[in-house]
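Student: Below is a structure I'd like to ask you about.
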Amino acid sequence: MKNRLLAALLCASISANSLAQTLPDLGDSASVDLSPLAEQRLGAQIMREIRWRDPAYLRDLEIEDYLNALGGRLVAVSDGAGLPFSFFAVDDRSLNAFAMPGGNIGVHTGLILAAQSESELAGVMAHEVAHVTQRHIARMVGRQSETGLLMLASLLVAVLAAKSSPQMSQAAVMGGQAAGMSSQLAYSRSFENEADRIGLQNLTAAGFDVRGMSSFFERLQKNSRLYENNAPAYLRTHPLTGERISEMESRVMQLPYRQVPDSLDFQLVRAKLKVGVVASREVVEAFERATAVAAPPVPAQYGLVRAYLSTRRLDEADRAMVALRQSHAVSPLIAGLEAELRLAHGDPLGAAKIFREARGRFPQSRRLLHGELEALLDARRPAEALALAKAETLATPGSAGLWELRARAEAALGKRLAQHRSLAEVYVIQGNYAESANQLTLARAAGDGDFFEQSAVDSRLREVRVLLEEQLRESRQQR
């Protein structure tokens, strides 16, 4: 098991001083549950830690785009419509998915690969969405608030740790002198039943096959005996009983039968995960066999191109790409793969053109946008990259990746004030207000900005210093 950010958080739970600097003020301790505002703040803080410090966080925009599109369908038909949900992938082959405060839902790559249909994957995600919309985590955590910050933080760390390691989970609880609360790490039976019921409703409303949810859980239950004392992580935090399975099956029997085909993107994401960073010989050979038929399936063709590309077999990748184009399949993942192949051939302008044309068909794809920006920078077209990055950071000011690309373009153009200002926004998004203030100070001293740019930097520096002072004040109050 990879060494996660969870280990760092666990260490933090031992020290009150460390805790004061890693957790936000959660508000009135007399409240029975975490308030929605406190839950959002806590979730944002945890996600900052995961995104910027956890090596298991999968930095793959294509997969994250897919999960957010799939999750968005479920959220749109749930009580959580309008809430700031965010779905992300964890690079871990264990079977797991988990919800955290504030609508952040993580899905292990192992779960995506284990799902035998898109409806099965959607069923698990619908269950997690229900945990959020019914505020199960807020209620589970908020009731411990009277025990103080250290105890609460220990519980939160343990909830996260339990997603991958029961040993780490128990250590976290003991670290906060809260061994008696270990039973709180798993959702209660009532919470699980409620998430099952609402998850099935949302799965139906979103147009998926409701059998996917029950079939996945039933398969987990049957296979759990193979794990003996090391049950799948999902079963440790989502206690599964025969009663739950029976109730789900009973509800499914009352719903109309619906056969739902998997989306192409679901199959392409799975193919990409099978390839990994560098495809093994066995994976390459498996895709070769899958495409050695009269009408090879598109996901297998895509997987073969990506497998060849990952092993730098570019001539073979080109031939496989020609065959894939002849299928006339359309997906942002296929367009992105073709652009990657052009980059591998040293043709960043050709890649930028592919990314740009594909963005016209898939305007919501962050992968295609970031790909075009990176290709323009590689092609030494920083002015074009900067114009695009400026427009996109105005539309999506909370994207650290876009600000980083904007800073790269500004650096290439020698715009030192603008570069430091963009980097300051990256650090604000990461919650590192001290370094953001430092970057803005460097921007003030750069000396290459006009009056309006200098004024904007001064204004932003005052705002960041206020945020920094609030952060420091919270830390002092919690000591």
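Student: About its Cα centre, how strong a charge dipole does the stretch 235-374 have in debye, to the nearest 20, once Lys and Arg get +1 and Asp and Glu get -1 at the Cβ?
Tutor: 200
Student: Also, quick follow-up: To make sure I understand the rule: partners must be aspartates and glutamates, Cα under 15 Å from the Cα of LYS415, and not fewer than 8 residues away in the same chain. Which ones qualify?
Tutor: Those aspartates and glutamates meeting the cut-off are GLU384, GLU404, ASP448, ASP450, GLU453.
Student: Test of understanding: ordering LEU369, LEU235 by Cβ neighbours within 10 Å, fewest first, what list do you get?
Tutor: Going from least to most buried by this count: LEU235, LEU369.
Student: At a 10 Å Cβ-Cβ cut-off, how would you order ARG444, ARG236, fewest neighbours first?
Tutor: Fewest-to-most ranking of ARG444, ARG236: ARG444, ARG236.
Student: Given R₀ = 22 Å, FRET efficiency for ALA445-GLU469 by Cβ-Cβ distance, to 0.05? Please list the in-between numbers first.
Tutor: Numbers: r = 22 Å, r/R0 = 0.99.
According to the calculation, E is roughly 0.50.
Student: What number comes out for the charge environment of ASP196, summing +1 per Lys or Arg and -1 per Asp or Glu over other residues with Cβ under 15 Å away?
Tutor: In short, -3.
Student: While we're on this one: Spin-label point model (7 Å from Cα, Cβ direction): what's the GLN477 to VAL293 distance in nm?
Tutor: Spacing of the two 7 Å Cα→Cβ label points: 6.2 nm.
Student: Can you give the alpha-carbon Rg of the stretch 32-141 over 2.2 N^0.38 Å, where N counts its residues?
Tutor: Details: Rg = 13.4 Å, N = 110, 2.2 N^0.38 = 13.1 Å.
With N residues counted in the stretch 32-141, Rg over 2.2 N^0.38 Å equals 1.02.
Student: Need the full-extension length gain, ARG462 to LYS390, defined as separation in residues times 0.36 nm minus the C-alpha distance. One decimal, nm.
Tutor: In short, 23.7 nm is gained.
Student: To continue, here is another question. Based on the Cβ-Cβ distance of ARG319 and SER263, what FRET efficiency does E = 1/(1 + (r/R0)^6) give at R0 = 22 Å, to the nearest 0.05? If you can, show how the numbers build up before the last one.
Tutor: Details: r = 27 Å, r/R0 = 1.22.
Computed FRET efficiency for ARG319 and SER263 comes out at 0.25.
Student: With 10 angstrom as the radius, rank GLU39, GLU474 by how many other C-beta atoms surround their C-beta, starting from the fewest.
Tutor: GLU474, GLU39
Only the coordinates and a few stated rules stand behind these numbers; no lab work does. This is a predicted model, so every value here is computed, not measured. Using ideal geometry, Cβ is built from the backbone for each residue, glycine included, and neighbour counts are taken over all protein chains shown.
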